[in-house]
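Heads up, the thing below is written out as structure tokens.
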Amino acid sequence: MTRNPSRARLFQSALLLGLSCAALHAQAPNPPRSTILIDPAHGGPDNGARLAADLVEKDVNLALAQRLRSLLAERGFNVVFTREDDPPAQADGSRPPAVTTDQRAETANHAHPLACLLLHATNGGHGVHLFTSSLIPLTMIDEPKAVLNWETAQAGSIPQSLRLVNELSSSFNSARLPLVVGRASIRPIDSLTCPAILIEVAPLEGEGGAKTPVSDATYQQNVAEAIANGLISWRSHAAPAEAAEKTVTPEKPAKPASPKPAPAKPAAPAKQEDGDKP
Amino acid sequence: MIPRYQRILFWTMAFAILLMAGLLARGCEKAHARLNAIQDDSPIAAPIDAPEEPTTLELANDANGFITQEQRLIALPHEPSGRARALLERLLTDYALPGSVHPLPAGSAVADVFFLDLPGTHTSYAHPTGAQLAVVNLKGSFADAHPSGIESEELTLRSIIGTLHTNFPMVEQVRFVVDGQPRDTLNGHADLSQPYPAVDTVDHPLHNLAPDGTRQ
Ligand SMILES: [Zn+2]
């Protein structure tokens with residue numbers, strides 16, 4: 001069998017091209033971060049709201065989170081959960097301890113996600129409620145801090161969180177889902193360094209007062225799709241590299257529930273009030 | 001020709017029929033009102049020996065998440081603690097009425113309201129009498145039955161804080177306890193562990209203060 005020199009050269013060029021492409025790919029910067037952190041709120045002994053005789057909020061939050069994970073995975077997102085399931089009660093009736101809000105914040109801050117979504121469900125109000133932290137955003141005149149405070153870490157991400165709410169609001173409006181947008185600091189949102197929002201799903205009120213409960217599969221799917229569509233838009237608009245540079249892991253206090261160290265100021269009205277409490 | 005006595009009899013009977021119809025209609029109205037009163041199980045306000053006065057409430061609406069100011073004529077005692085308790089009791093029990101846009105459980109909600117002087121603030125130019133911390137002691141039965149949810153719980157706190165701010169200008173901070181004890185949340189969401197600044201909540205969301213009372 002004779003060897004064809006031109007075919008050999010062609011093979012060599014193809015191999016070189018392949019190798020150089022692989023080398024180029026290896027040298028290219030990391031692909032845009034597309035991790036989404038989902039926190040199905042409550043869990044374990046904390047049931048959250050009682051939505052019906054046999055339905056509690058923690059289960060609805062987890063069901064919605066799982067729907068959202070499937071949709072996001074299909075769209076190329078990497079999804080991280082703060083809790084995967086709801087551990088059942090043990091034989092002696094005791095429950096394993098719940099994932100604390102501080103542990104959830106730690107998971108979120110270590111994942112460096114593109115967005116953090118804290119999911120809740122309620123029987124109060126109507127439609128979908130979106131909240132960003134009510135912390136005052138850090139401004140240009142604030143001194144740059146090497147280490148963020150655990151209780152107020154979100155202050156540096158408020159502008160991005162507000163932009164994320166805008167993206168999701170547009171998506172909910174396109175899906176014709178009624179929306180209430182506000183500010184509320186519900187734990188652990190203030191300790192998060194990612195663009196973060198609280199999403200609270202309330203029953204849908206149809207014409208003639210007919211209510212669609214939050215447990216309705218179609219309603220949950222519509223909400224999940226609206227969130228996923230909003231995140232696609234967010235991924236294309238957000239500046240991941242810039243956000244990644246700004247991300248500083250806050251210093252978590254040694255004891256999660258312990259307050260901030262006392263400042264130099266002598267006034268401590270809350271502490272004094274503790275002593276005077278009725 | 002109809003005899004005169006027959007005409008008198010006719011008109012007398014016609015008048016009696018009209019009178020009975022009127023009485024029947026009034027009886028129906030009274031029965032209807034009584035039935036409605038049975039459905040409205042909000043507590044009857046304790047009698048207050050004071051004239052009604054125009055009072056501003058900051059009212060919550062679940063449909064849009066807004067707080068709006070509204071004037072009501074309310075009879076309130078003069079003593080500040082009793083006045084604040086009566087005011088908040090009226091605010092919260094009104095939310096239990098049928099058709100409320102921020103539905104809350106019926107029944108008494110506020111056990112007491114205390115005012116404490118904030119140290120180091122008595123020289124404040126804005127409050128020559130001294131800035132104060134209002135401690136609102138909610139009843140456990142109210143907190144436990146409060147709708148559990150971010151929007152509902154936040155709006156209740158904003159409504160209380162805004163109403164206190166509007167009616168008690170010397171109050172700079174508000175702290176909540178339940179049955180006299182500190183509690184983490186109202187019913188699973190809104191934070192009660194730290195004091196809140198007393199602000200007009202029509203325009204301001206809530207953000208609690210650091211444990212030392214400073215803005216976080
Ligand atoms: Zn919840």
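The values are calculated or read from the model by the stated rules, or taken from the named source; none is laboratory data. Quick caveat, the model's predicted, so the values are computed rather than measured. Heads up, the Cβs are rebuilt from the backbone with ideal geometry, glycines too, and the neighbour counts pull from every protein chain shown. Surface accessibility is based on the protein's heavy atoms, side chains included, excluding ligands, DNA and RNA. Shrake-Rupley method; radii C 1.70, N 1.55, O 1.52, S 1.80 Å.
Of note:
- Across region B:76-182, Cα-Cα pairs farther apart than 21 Å form 35% of the total.
- When chains B and A come together, the accessible area they lose, probed at 1.4 Å and totalled over both chains, is close to 2900 Å².
- Options B:THR68, B:LEU164, B:VAL202, ranked by Cα towards positive dipole end of region B:52-215, top entry (Cβ charges): B:LEU164
- Per residue, the average separation of C-alpha pairs within less than 8 Å and at least 6 apart gives region B:150-200 a relative contact order of 44 percent.
- Inter-label distance, nm, simple model (7 Å from Cα along the C-beta direction), A:THR100/A:ASN166: 3.7
- Interchain or long-range residues, amide H under 5 Å from B:GLN132's placed H: B:LEU118, B:VAL171, B:GLU172, B:GLN173
- Peptide packing: for A:162-171, B:49-58, the average count of neighbouring Cβ atoms within 10 Å per residue gives the ranking A:162-171, B:49-58, highest mean first.
- In terms of packing, defined here as the mean over residues of other Cβ atoms within 10 angstrom, the peptides A:193-202, A:73-82, A:129-138 line up highest first as A:193-202, A:129-138, A:73-82.
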